[in-house]
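Structure record follows, encoded as structure tokens.
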Amino acid sequence: MFSVARTAFQKNSLKLFLRCQSTNALTKTQLPFTYTASGPSLIKYTTEHEWIAAHEDGTAFIGITKYAADALGDVTYVELPEAGSDIAEGDTISSIESVKSASEIYQPIAGSLTEANQNLENSPQLINEDPLGAGWIAKIKIKDAKDLENPELLSLEQYEKSLAEDNH
Amino acid sequence: MCSILSQIIRRTVSSQLISIPPRNIKLRWLHSSKVLCKITPFDIDATADLNDEFNELNSMYTSMFSKSNSNNKDVHKVKTENSLVDDINELNDELNELCSPYDTRCGSQNVPKISGDDLKTLVENSGRFIMISLSNNPYFNLALEDYIYNNSGKASSITKSDNRNSFVNSERLMFYINDKCAVIGKNQTIWKELFMKNLYDNGYQVLRRFSGGGAVIHDLGNVNYSFLTSREDFRREFFNENIVKWLREQNPKLNINLNERGDITLDGYKVSGSAFKIGRGKSYHHGTMLINSRIDKFKGLLKPDELPNVKWNCNSINSVRSEITNLPLTSTKQFIDICIDGYKTHFQDSNIPVLYCDESDTMNIEIRKVMNKLMSYEWKATTGPPFEVQINTIDTQLTLTVEKGIIIKSTIPIFIGMPFQEFSRLSKALLQTDV
């Protein structure tokens, strides 16, 4: 009984902790947000810890979450995707190296890649410093806006809830 | 200059880089008089070039392009020093070839090997297993590992996060021993890390793996382990912590530890190096373990941090140079057995099947495709970021910009458009500098 109560307390405090931190929210001062004056129309997350910020004109930015960046440790190299290619949902768009690990980054929804964040070439640490802002990885043109309604794409709240479940 | 270049280019066609290792598999046995040496493999070994069949030709070009011939006599020095050590080593090599723990001539041909089709079923479905490769072909072993990684749990669709439970109790452990080769990390620049010429002259294959990290040298005295688990359960230190624990249980006197980079050390010398790959729903940690490697032969194969007269401007991953030694076990088989016992105990499952595979019995189209990729010049050499290299020669400074393996800018225009691989081969003859 006591242990059940304690677990519930731990879970609640973890949720509270996450909500207060909410570090997986998009950085409001960087391009993925400021691309349009009003900010992105939709921000979604994947269970593989990518985020996608979609704007009205069908442009979207892709990066990895703060949770993922922290888990990776110091990023030392980002393999940048080549612009101009059509990429299906789930295809690998990039790979990030940190502490001897090569981690694959996947395309959350189908689209064509219009630009890679060239700043990462010389400053891979931007992924650690500001994963949801200056550390964006790819800019894409979404193929079909309806794809954003895919239930496998999570809201910020759902994503952080899934993290809490993984870590309890 | 042009005609000299074209002459040299003609005899340095890049075919060497994509040659398939000989099928005649070298066998091994524990060293009767083990040479336990602790060296830095990236020391430049002046003798490493002596077997070069092109030495005479190279030194001819060197003398044509150098102001003084005084250095050339070194090149012609015959390998007589250390001849006793060499004799002992030769003897060891012969002994090694007599029998091997996983030796096709010593009874393991009777071990049933899994077929390509059975491997597919095994890998795609859930369930733990241990796989021991009897092949010493590094291309096959890396392709097999990649196949298991890419297809693990496919049938039970572990790739969908909702079904992540299907990966529970499906960890995979694999062992393989590669014949002489240098293996660089996914995001490295081969010429920056390796003395390519010394490697080829001494019969080493050069491979780029799919995981991160730095360059390592393999031979038949080094055993590779590879542990695959779900992305959620991935923890960098997990497997090496266990190896240390299992080895200490075996021999409490061993002074083995994990260093700050998570690598296993013996008396402070590195005996093992690790690298990781993390993808959708899955991850693996693989590592090398030096048991009775001919570490004395590793000299002059990996480049040191800095070489005189050469400056690299390059974002690729740098290797962390470390002094290495062998783990004092009797054989690679002993290490594998210790790990298998400890592994079964850890998962409290004595029924984890141990399966064997080799290149002739365990092949499928996907493994072959990955082998082809690993052998391709494009994957080995031209993958990776663009770089700039500055070379100071006796009378000039040469700066080259290289993209996808091709020199696109050069302060000496003749090199523009040349594959950097070829430039690298010529550099010693032309510039007296290994680039």
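The values are calculated or read from the model by the stated rules, or taken from the named source; none is laboratory data. Because the structure is a prediction, the values reported are computed rather than measured. Cβ: placed from backbone, ideal geometry, glycine included. Neighbour counts: every protein chain shown. Protein only, heavy atoms only, side chains kept; ligands, DNA and RNA dropped before computing areas. Shrake-Rupley method; radii C 1.70, N 1.55, O 1.52, S 1.80 Å.
Note on B:277-283: average number of Cβ atoms from other chains within 10 Å of each residue's Cβ is 5. Here's the picture: charge each Lys and Arg Cβ at +1 and each Asp and Glu Cβ at -1 in the range A:2-166, and of A:Thr29, A:Leu148, A:Ser95 the one pushed furthest to the positive end of that dipole is A:Thr29.
Remark on B:Phe195: its backbone amide H falls under 5 Å from those of B:Leu302, B:Lys303, a criterion applied only to residues 5 or more positions apart or on other chains, H modelled at 1.01 Å from N. Dipole check for the range B:387-432: with +1 at the C-beta of Lys and Arg, -1 at the C-beta of Asp and Glu, and the Cα centre as origin, the magnitude is about 100 Debye.
For chain A, the longest principal axis of the alpha carbon atoms and the long axis of helix A:156-167 meet at an angle near 60°. By a 1.4 Å probe calculation restricted to protein chains, B:Val389 has an accessible surface near 0 Å², given to the nearest 10.
Note that the range B:129-145 has calculated 3J(HN,Hα) couplings of 7, 10, 10, 10, 8, 8, 8, 9, 7, x, 5, 5, 5, 5, 5, 4, 4 Hz, one per residue in order, obtained from phi through the Karplus relation 6.51 cos²θ - 1.76 cosθ + 1.60 (θ = phi - 60°); glycine and proline are x.
Using the Cα atoms as the points, what is the convex hull volume per residue of the range A:2-166 in Å³? In the range A:2-166, the Cα hull volume divided by residue count equals 116 Å³.
Sparsely packed loop sites in the range B:193-241 (the GluC sites (Glu not before Pro) outside DSSP H, G, I, E and B with at most 13 other Cβ atoms within 10 Å) comprise B:Glu237. Quarter the surface of the alpha carbon convex hull of the range B:262-342 and you get the mean projected area, 8.2 square nanometres.
Counting Lys and Arg as +1 and Asp and Glu as -1 over every other residue whose Cβ lies under 13 Å from the Cβ of B:Ile256, the net charge comes to 0. For the range A:47-155, the list of GluC sites (Glu not before Pro) that fall in a loop by DSSP and count at most 11 other C-beta atoms within 10 angstrom reads A:Glu82. Residue-wise HN-Hα couplings along the range B:354-365, as the Karplus relation 6.51 cos²θ - 1.76 cosθ + 1.60 with θ = phi - 60° gives them from phi, are 9, 10, 10, 9, 8, 5, 7, 8, 10, 10, 8, 5 Hz; Gly and Pro carry x. Of the whole protein surface, B:Val223 contributes about 0 Å² of accessible area at a 1.4 Å probe radius. Rg over Rh for the range B:387-432 works out to 0.92, both radii taken from alpha-carbon positions and Rh defined as the Kirkwood radius. Computed from the C-beta positions of B:Arg235 and B:Ser126 and an R0 of 22 Å, the FRET efficiency is 0.60 to the nearest 0.05. To the nearest 10 square angstrom, how much accessible area does A:Lys66 have with a 1.4 angstrom probe? It works out to around 60 Å². Taking the longest Cα principal axis of chain A as reference, the axis of helix A:2-21 is set at about 30 degrees. Per-residue mean of foreign Cβ neighbours for A:98-110 is 6 (Cβ atoms of other chains, 10 Å radius).
From the alpha carbon centroid of the range A:32-50 to that of the range B:373-388 is 34 Å. Short-range pairs are left out: with C-alpha atoms under 8 Å and at least six residues apart, the relative contact order of the range B:387-432 is 26 percent. Net charge dipole, the range A:2-166: roughly 800 debye, given to the nearest 20, about the Cα centre with Cβ charges of +1 for Lys and Arg and -1 for Asp and Glu. For the range A:78-168, state which trypsin sites (Lys or Arg not before Pro) are in a DSSP loop and have at most 14 other beta carbons lying within 10 Å of their beta carbon. Listed in order of number, the matching sites amount to none.
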